[in-house]
Amino acid sequence: MFVFAQIIAIFAIIAYSFAPHQKSKKNVLIFKIVSNLLYALQYIILGAISAAGTNLISMLQSIIFYKYAKENEKVPVLWEVVFSAIIILLGIFSFTNITSIVPIALALLTTYGIWQDNLKIYRMTCAFAIFCWIFYNIYISAYMSAIGNIFQFISSIIAIYNLNIRNVDN
């Protein structure tokens, strides 16, 4: 099962790597939905319950936010509050040690980032969260995800540079 979890991670890495390069929030959310589902499966297999839970919550959040993006509507702040509260409750119920707080904190950060209409904020929060996931994944033996996080971090920095600094095709 360990090897199967690493294989699932490869597909999650690929999907997640495309998200920061998207120019529309709708497209970002499509890649997030797919990657969150795959990451959740990987973490379930590895027994990292708080990480699996945060990915499932993020997937649900992305589905709801996608519906607003599809209609070109702003996501109400109530959804930000609801998902943050759910993530905090998950953290309380899945707490096993100090390390189990990491996915909760990163989920709260990315919940805020994806709630924003400004994709620059999303890309910045995404890059920071990915950087932190590298160390968490090494700690829980999700080695393929850690390697992928390095790739995703570099990909996010390139997206920030191309889409926010250089303003390529914006």
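The values are calculated or read from the model by the stated rules, or taken from the named source; none is laboratory data. Note that the structure is a prediction, hence the values are computed from the model and not measured. In this analysis, Cβ positions are derived from the backbone assuming ideal geometry, glycine residues included, and neighbour counts consider all displayed protein chains. Please note that ligands, DNA and RNA were not included when accessible areas were found on the heavy atoms of the full protein model with its side chains. Shrake-Rupley method; radii C 1.70, N 1.55, O 1.52, S 1.80 Å.
Values for this structure:
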{"item": "Computed magnitude of the charge dipole of the chain (debye, nearest 20; Cβ of K, R +1, Cβ of D, E -1)", "result": "280"}
{"item": "Computed helical MRE - 222 nm, the chain, DSSP H runs ≥ 4 contributing -39500 (n - 2.57), nearest 500", "result": "-26500 deg cm²/dmol"}
{"item": "Of Phe95, Phe153, Phe18, the one that fluctuates the most in a GNM where the chain has Cα springs shorter than 10 Å", "result": "Phe95"}
{"item": "Length added when fully stretched, Asn162-Lys120, from 0.36 nm per residue minus Cα-Cα", "result": "14.0 nm"}
{"item": "Candidate values (1) 11; (2) 32; (3) 17, label of the one derived for percent of Cα pairs over 30 Å apart", "result": "(1)"}
{"item": "Label zone at Val3 (point 7 Å along Cα-to-Cβ), backbone N below 16 Å, the range 136-170", "result": "143-144"}
{"item": "Carbon + sulfur, % of accessible area of the chain - ligands and nucleic acids excluded, 1.4 Å", "result": "74"}
{"item": "Sparse-neighbour loop sites [GluC sites (Glu not before Pro); the range 30-139; at most 12 other C-beta within 10 Å; DSSP]", "result": "Glu71, Glu73"}
{"item": "Point-to-point label distance, Phe128-Phe95, nm (Cα→Cβ direction, 7 Å offset)", "result": "2.3"}
{"item": "The chain: relative contact order as a whole-number percent, Cα under 8 Å and 6+ apart", "result": "25"}
{"item": "Whole-number accessible area per residue in Å² for the range 30-170, which is evaluated in the context of all protein chains at 1.4 Å", "result": "50"}
{"item": "Gain in span if fully extended, Tyr143 to Ala105, counting 0.36 nm per residue against the direct Cα distance", "result": "11.6 nm"}
{"item": "Kyte-Doolittle at least -1.0, axis length at least 27 Å by Cα - qualifying DSSP helices, the chain", "result": "25-46, 49-70, 119-139"}
